[in-house]
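Worksheet for the structure shown next.
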Amino acid sequence: MQVASLLSRVRKPSRYLGNEFHVVRKNWQAARCRMALVFPDLYEIGMSHQGLQILYHIVNHHPDFLAERAYAPDTDLEALLRQAGEPLFALESRRPLAGFDILGFTLPYELCYTNILTVLDLAGLPLRAAERGERFPLVVGGGSCSHNPEPLADFFDCFFLGDGEEAVLEIAETVAAGKEEGLGKRELLRRLARLPGVYVPSFFDVDYQTDGRLAAIRPLEAGYHSVRRRILPSLEDSPVPEPPLVPLHKIVHDRLGVEVARGCTRGCRFCQAGMIYRPVRERSVERVREIARRGLEAGGFDELALQSLSTGDYSCLPELFAGLMGEFAGSYVSVALPSMRVGTLTSEIMEHIRSVRKTGFTVAPEAGSDRLRRVLNKGITEEDLLETCRVAFSLGWNLMKFYFMFGLPTETGEDVEAIGRLAGRALATTHRKSAQVNVAVATFVPKPHTPFQWEPQISVQEGFDRLDILRRHLPRRGARLKFHDPRQSFMEGVLSRGDRRLGRVIEAVWRAGARLDGWSEHYRLDHWQQAAEKCTIDLDFYLRRREFDEILPWQHLSSGVEVEFLKKEYERGLLEAYTPDCRYHGCAQCGVCDFKTVQPIVCERQKQRAAEQRVAEQPAERQQPAAPAAGPEVEKTSRIYRLTYSRTGDAALLSHLELLQVFFRSFRRAHLPLNFSGGFNPTPKVTFGPALPVGTESLAEYMDLDLAAGLVEPAAVVERLNGILPRGLAALDFFERDKRPGWNANAAVLTGYRIELAAPLAAGGATAVADFMAASSVVIRRVRKGKSSELEVRPLVENFSVAGDQRSLELVLLSEPSRPGVKPLELVEAVCGEAAELDTTRVVKLWWRATGEG
């Protein structure tokens, strides 16, 4: 069975089409190394992950290498692949994953681990690295979880720690050379282990004490005792996803993301990212604006997000944000700051944000009391939080979103109660009755390579007890509680600080049916507990307190931050002592920087030095003239154009809403002068024709566009769009509607279809069609949203006939604006019944015309 026929039977086929804007398809035979980049979660999560896109573009820009993508399938596609005996495939070429040289997995969070086994098994590969023998592909992991990959050690050939921009090509070259030289796997892994940042778990053995703690981590290769994270020295000239991959399916963060900085040295003691991504490396304002300009031009996005661990700490944010707003606001492009910190939200920044949108304002106090925030090294006070609320509410926001954790070190019941009291005080900063505070809370999970890595994690029951306390102390009006399930946090904690023995549990729970554990509707803690019991492993053992002298499972893997620094920070936390940000207050001696190649890069500091140099060289530098005042707004015209187009092949699997998004972005890229609606969220003034069922192809679709100016050569728009639209969509004609009189929108419409069957009609099928056409009345029963109704369909069918080979049906349907209609396959199923196999049937809309037209 072909992949295309499987995709027509899944819930969201656009996840698997590989038909995005700027997708790369390279010559398979010419590539020395072929890499499948795998994100082990659903497409809408994976396509929001910029790291994978960066690697995708780096590899594909190299003439000798090829990269394609794969994502964890949803349960419906997994079931169909197993039923049909088809392997999981890469999106671009739909080649089986087993045919690639490297499967490169991103490891973003612990609850995706069972998805990795799903991918390996559907690819037809043995789960365990030791069982895969000498044949490719090599299974490689990277991302934040690679800083303690021990629970996955049995399934991977190697891991990479750190920034992958430089290493990914080195890994590809090493594998390509190994293939060409005919190296065995062990020798290839030896070569890979020589690359900075590459960890080969099979080159280490682990011993355990009788009480379950680690006794030793023993290196098995001479000179290979530990692995240190690899650090990209500068972001300024580092590769970016250019042009950006633009999804056709709606994803979680459907916008252009531009990384303004990497790393954070605020020093929050619970935060793993703040430790494993050090030091801070900022991009210059000029470089960020250049990336944004080119990305929006190529992608057609209507939103730009400035990304970093703490965007508010970007040293030139006011200058950057104002410049971007000034450049793109006229194009109806909003600028988002998704990661802001209390204390960095100046009134100037908030004024700019207000001009974009006021849907909600998110801040992360993390703890309810000032005392506990001092333990965490947050560096903010309750008054800072309340002042932020005062300003936000005064500027028109109605919603404040707070994020907290519970189960933190030294936490008491009073600290939990303080969360509720803080929400009440936030509401009290405004007199608006419509004001609301959303309080999101989650269980604190101690993470490796942080000052709190030795701390215990609270139990599931303790988590729910804290939620009960919080509910009692939240304001009765104006506050809403959202929480991350403590049962999910339990396994996050187990896997986060786990060792190699957990690999048996991961495999056991996967074989018992665990899938997509990061999604609450799929996750079952009891399944994990049963699997652990079968493997005689105590999961609670991994949540306990660790001692300073205890060997930790990740002890041979270095983030660059020295263990002594982490111990010192742990002790300072207990003393509620503040450690300032090293980018502004001097080196904190964490061990990451060598101040030769690796050091903090802060653009404000560089700009200041450059300005001082200019003053020294040219003290009489002239001041730039002020920008001219904006003139009166010119009244826009309104010209209505009609675009006719076809949608065939993969494009037929797009939903109507996805199709709208594709065209809106294509119109931006084609620079069509669209008029926009007014209000808070302006949208292009485009009127689409009637929506087609997903899977129905068409040679005769249309939409009307309201343009702010006439086009001298409308025919050129067709050529321009056809150079932009994804595979399966084609512009056919573009003309000014008033100059080519159209039909009455209230008129009835006749539509012609061709239905191509996978197999000839069985006996009686053709007779049933003839009987239908001879009848004066035919009523069918239909079910919509669980409700059954009857529909008289005979008056809706102008023609229904069977071709001589019994494999093709011709159908002409009548539709009227205020009357229920019938879908082609719905009619065929009702008339032909079991005589027609419809699972792989192709439906093509051939033409339409208003009744009364010639």
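The residues of segment 428-471 that are farther than 22 Å from R487 by Cβ, open to solvent by 20 Å² or more (accessible area, probe 1.4 Å) and touching a Lys or Arg at 6+ places or on another chain (Cβ under 8 Å), listed by number, are T429, T430, Q436. Listed by first and then second residue, the pairs with beta-carbon distance under 8 Å, at least 6 apart or on different chains, first residue in segment 285-297 and at negative phi, second among the small types (G, A, S), are V285/G323; R289/G323; L296/S331.
The single condition from (1) under 18 Å from L732 (Cβ atoms); (2) open to solvent by less than 40 Å² (accessible area, probe 1.4 Å); (3) in a loop (DSSP other than H, G, I, E, B) that S666 fails is (3). Restricting attention to segment 376-425 and to residues that are farther than 19 Å from G312 by Cα, in contact with a Leu (Cβ under 8 Å, 6 or more places away or on another chain) and of a type in the set (V, I, T), the residue that is most open to solvent (accessible area, probe 1.4 Å) turns out to be T410. Taken together, the residues in segment 677-721 that are open to solvent by 70 Å² or more (accessible area, probe 1.4 Å) and not in a loop (DSSP other than H, G, I, E, B) amount to 5.
For every residue, the table says whether it meets (1) open to solvent by less than 10 Å² (accessible area, probe 1.4 Å); (2) at positive phi; (3) part of a loop (DSSP other than H, G, I, E, B); (4) modelled with pLDDT under 95.
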residue: G104; (1), (2), (3), (4): no, no, no, no
residue: T114; (1), (2), (3), (4): yes, no, no, no
residue: L117; (1), (2), (3), (4): yes, no, no, no
residue: P126; (1), (2), (3), (4): no, no, yes, no
residue: S146; (1), (2), (3), (4): yes, no, no, no
residue: D154; (1), (2), (3), (4): no, no, yes, no
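Given the criteria out of contact with any helix residue (DSSP H, G or I) (no Cβ under 7 Å at 6 or more places or on another chain), over 23 Å from G143 (Cα atoms) and of a type in the set (A, V, I, L, M), does I231 qualify? Break it down into steps so the answer makes sense when it comes.
Details: out of contact with any helix residue (DSSP H, G or I) (no Cβ under 7 Å at 6 or more places or on another chain): yes; over 23 Å from G143 (Cα atoms): no; of a type in the set (A, V, I, L, M): yes.
No, not satisfied.
Counting only residues that are farther than 19 Å from R135 by Cα, touching a residue at least 12 places away in the same chain (Cβ under 8 Å) and not hydroxyl-bearing (S, T, Y), which one in segment 184-202 is surrounded by the most Cβ atoms within 10 Å (Cβ to Cβ)? Per the criteria, the residue is V198. Only one entry of L337, L320, L309 meets the criterion of being touching a residue at least 60 places away in the same chain (Cβ under 8 Å) and touching a helix residue (DSSP H, G or I) at 6+ places or on another chain (Cβ under 9 Å), and that entry is L320. When restricted to residues that are free of Cβ contacts under 8 Å to residues at least 60 places away in the same chain, among the hydrophobic types (A, V, I, L, M, F, W, C) and assigned to a loop (DSSP other than H, G, I, E, B), segment 416-447 contains 3. Please indicate, with yes or no, whether at least one residue in segment 279-291 is modelled with pLDDT under 95 and acidic (D, E). No, the conditions are met nowhere in segment 279-291.
Which residues, counting only those in segment 493-519, are under 16 Å from N115 (Cβ atoms), assigned to a helix (DSSP H, G or I) and open to solvent by less than 40 Å² (accessible area, probe 1.4 Å)? Before the answer, list the steps.
Taking segment 493-519 and keeping what is under 16 Å from N115 (Cβ atoms), we get 495, 502-503, 505-519.
Next, only the ones that are assigned to a helix (DSSP H, G or I) stay: 495, 502-503, 505-511.
Result: L495, L502, G503, V505, I506, E507, A508, V509, W510.
The condition of being assigned to a helix (DSSP H, G or I), over 33 Å from the mean Cα position of the chain (by Cα) and surrounded by fewer than 20 Cβ atoms within 10 Å (Cβ to Cβ) holds for only one of E180, E170, that being E180.
What tally of residues in segment 774-805 results from selecting those that are more than 21 Å from A762 (Cβ to Cβ), assigned to a helix (DSSP H, G or I) and either without any contact (Cβ under 8 Å) to a residue 24 or more places away in the chain or open to solvent by 90 Å² or more (accessible area, probe 1.4 Å) (or both)? Residues meeting the conditions: 2. Are any of the residues in segment 15-37 in a loop (DSSP other than H, G, I, E, B) and among the hydroxyl-bearing types (S, T, Y)? So far as segment 15-37 goes, no, none of its residues is in a loop (DSSP other than H, G, I, E, B) and among the hydroxyl-bearing types (S, T, Y).
The values are calculated or read from the model by the stated rules, or taken from the named source; none is laboratory data. In this text the structure is predicted, and so the values were computed from the model without any measurement. Glycine gets a Cβ as well: all are built from the backbone with ideal geometry, and neighbour counts include every protein chain shown. Just so you know, the surface numbers come from the protein's heavy atoms only, side chains and all, with ligands and any DNA or RNA stripped out. Shrake-Rupley method; radii C 1.70, N 1.55, O 1.52, S 1.80 Å.
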